[in-house]
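One structure is given below, encoded as structure tokens.
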Amino acid sequence: MSTPKNKMLVCDVMLSKDRVPVVQEEEILKEALEEMGRTRLGLVCIIDANHKLLGILTEGDIRRKLLKVQKPFSAFLVDDALEHSIRTPTTIRPDDTLEHVVDVMGQRQIWDLPVVNDGGVLLGLLHLHPAVQTLLGRIE
Amino acid sequence: MKKHILEVGYGSVSKVRIGDRLPLAFIGGPCAIESREHAFMMAEKIGEICRRVGIPWIYKSCYDKDCRSAPDSYHGLGVNEGLRILADIRDEFGVPVVSDFSDPAWGPATGEVCDMVQVPAYLCRQTSVLRAAAQTGRPIHLKKGQFMSPWNMKNSVRKIEAAGNHQILLADRGTFFGYNMLVNDFTCLPIMAKTGYPVCFDATHSIQLPTSMGNISGGQREFIPFLVRAAAACGINALFMETHNDPDNAMSDANTVLNIKHLENILGQAKAAHEFRLEMLDKYGEDNVHPEK
């Protein structure tokens with residue numbers, strides 16, 4: 001018997017960590033952008049050596065920075081990615097309900113939510129599209 | 001950002017701590033070791049001056065100048081004899097010593113004797129040299145290449161860190177402005193300081209006109225005091241200057257070394273500017289004019 005849609009959890013739908021764009025804290029912006037390009041998610045998670053989530057960097061952050069940062073492009077690209085990231089991103093837990101976190105996405109106008117455990121370790125990522133498709137019953 | 005503090009000196013020498021709001025340190029001496037007698041005479045004279053000024057110092061002199069402009073330019077006494085002299089200067093004067101090295105094979109011997117090892121500016125991105133410097137386990141004086149942007153020095157820093165060494169002093173010695181000409185972009189200093197490592201200003205090489213005289217380099221020594229005051233006011237943790245008792249007859253960098261008769265004057269000004277900068281930071285707070293803050 002399949003789980004009712006309103007009882008489905010984040011861990012049922014989230015992208016596993018190997019599918020999430022991730023860079024280490026000392027990696028530079030250029031490397032983060034390359035990692036971002038590996039998937040089509042438009043963001044990258046920045047973690048420490050213990051896989052704790054330190055920040056996230058989105059295409060929107062880069063867009064805003066391009067208009068604001070006046071340093072030479074070569075200097076911008078060699079900055080630590082972490083320096084330009086959001087340090088306190090909204091995160092969710094694997095046992096949160098899908099319905100609840102899709103509401104959070106709607107309220108905050110965000111498409112992706114990093115999934116962490118109680119220690120802040122990155123476990124995966126919930127992307128809006130598979131979450132909504134699952135709730136609509138198009139993905140089992 | 002973690003601010004690193006370097007401690008230069010092992011054994012019985014007077015240790016010099018460099019970084020953050022610590023007193024300005026001086027790194028200096030004749031460019032090349034010319035002879036045992038000359039090296040000792042210079043160490044004694046510089047030591048007296050530094051004591052009078054009240055500035056901690058590290059004796060610098062190189063045993064092999066591998067970047068000279070001409071094949072017959074003086075190279076130095078070589079690694080064995082040069083390091084013996086530096087070791088004896090440590091023992092005699094209790095001062096930490098630094099020499100550069102240009103060949104990775106010289107790294108272990110240099111690190112065994114010297115309290116600090118120096119990576120020449122021309123070799124600042126040479127992985128084998130950086131790795132050899134890191135493996136000495138000593139603090140590293142890493143000069144920004146005249147051709148390098150200050151932000152790209154981070155790549156060299158990462159190479160050293162990857163080899164397990166986290167004691168780095170980053171120096172500006174001028175940036176090529178066309179051919180045979182250097183300029184100082186003082187934004188180099190805060191940009192390199194963003195790595196968390198202390199920064200140094202090399203005043204005597206900054207006034208160099210590289211290979212401007214056919215087969216040797218020229219220099220404009222008259223600008224040394226101006227650049228020193230500007231760098232200390234901008235924010236440095238160490239000042240580097242090569243000095244000589246008889247610059248016209250110096251066997252290396254004759255057109256750029258500071259005559260030792262001016263050393264006390266310049267060091268006094270540098271120390272005062274450094275201390276005034278720290279007072280200003282206390283009074284007005286850290287520099288925080290930034291578009292993103």
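Label-to-label distance for B:R36 and A:L77 is 5.4 nm, based on points extended 7 Å past Cα in the beta-carbon direction. Residues of the range A:79-104 that become at least 40 Å² less accessible with every protein chain present than in their own chain isolated, using 1.4 Å: which are they? Residues of the range A:79-104 that lose at least 40 Å² of accessible area once the other chains are added: none. Residues of the range B:113-147 falling in the label zone of B:A162, defined by backbone nitrogen less than 11 Å from a point 7 Å along Cα to beta-carbon, are B:127-128, B:131.
In plain terms, chain B is cut at each of the GluC sites (Glu not before Pro) found in a DSSP loop with at most 15 other Cβ atoms within 10 Å, and the longest leftover piece is B:1-285. Counting only Cβ charges, +1 for Lys and Arg and -1 for Asp and Glu, the dipole size of the range A:1-68 around its Cα centre is about 440 debye. Starting from the Cα of A:K7, draw a straight line to each of the lysines and keep only those under 30 Å, dropping any in the same chain fewer than 8 residues away. List returned: A:K17, A:K52.
When only the heavy atoms of the protein chains count and the probe is 1.4 Å, how do B:T187, A:T134 rank by accessible area, highest first?
Working: B:T187 70, A:T134 5 Å².
Highest to lowest solvent-accessible surface, that is B:T187, A:T134.
Counting only DSSP beta bridges whose two residues both lie in the range A:5-135, roughly 80 percent are antiparallel. Pairs from the table (A:K30/B:K159; A:K71/B:K283; A:K68/B:K144; A:K65/B:K159; A:K68/B:K283) lying more than 24 angstrom apart at Cα are A:K71/B:K283; A:K68/B:K144; A:K65/B:K159; A:K68/B:K283.
Dipole size in debye (nearest 20) for the protein assembly as shown around its Cα centre, Lys and Arg Cβ +1, Asp and Glu Cβ -1?
Dipole of the protein assembly as shown, to the nearest 20 debye: 840 debye.
Modelled this way, with points 7 Å down the Cα-to-C-beta line, the labels at B:N180 and B:M1 are 3.8 nm from one another. What are the aspartates and glutamates whose alpha-carbon lies under 14 Å from the alpha-carbon of B:K45, with same-chain residues fewer than 8 places away excluded? Excluding near neighbours in sequence, the set is B:E37, B:E92, B:E242, B:D246, B:E264.
Given chain B, what percent of its DSSP beta bridges are antiparallel, to the nearest 5? About 20 percent, rounded to the nearest 5.
Working from label points 7 Å from Cα in the Cα-to-Cβ sense, the A:L128 to B:E275 distance is 6.1 nm. Placing unit charges on each Cβ (+1 for Lys and Arg, -1 for Asp and Glu) gives the range B:24-282 a dipole about its Cα centre, and among B:V199, B:V95, B:Y74 the Cα reaching farthest toward its positive end belongs to B:V199. Taking a ≥ b ≥ c as the square roots of the Cα gyration tensor eigenvalues, the range B:24-282 comes out rounded, since a/c falls below 1.5.
Under the convention that each Lys and Arg Cβ holds +1 and each Asp and Glu Cβ holds -1, the size of the dipole of chain B around its Cα centre is about 880 debye.
The stretch between B:T127 and B:S73, if pulled fully straight at 0.36 nm per residue, gains 16.8 nm over its current Cα-Cα span.
Of all beta bridges DSSP finds with both residues in the protein assembly as shown, what is the antiparallel percent, to the nearest 5?
Numbers: 23 of 56 bridges.
If we restrict to bridges inside the protein assembly as shown, about 40 percent are antiparallel.
The values are calculated or read from the model by the stated rules, or taken from the named source; none is laboratory data. Source: prediction; values computed, not measured. Cβ sites come from the backbone with ideal geometry, for glycine too, and all protein chains shown count toward neighbours. Protein only, heavy atoms only, side chains kept; ligands, DNA and RNA dropped before computing areas. Shrake-Rupley method; radii C 1.70, N 1.55, O 1.52, S 1.80 Å.
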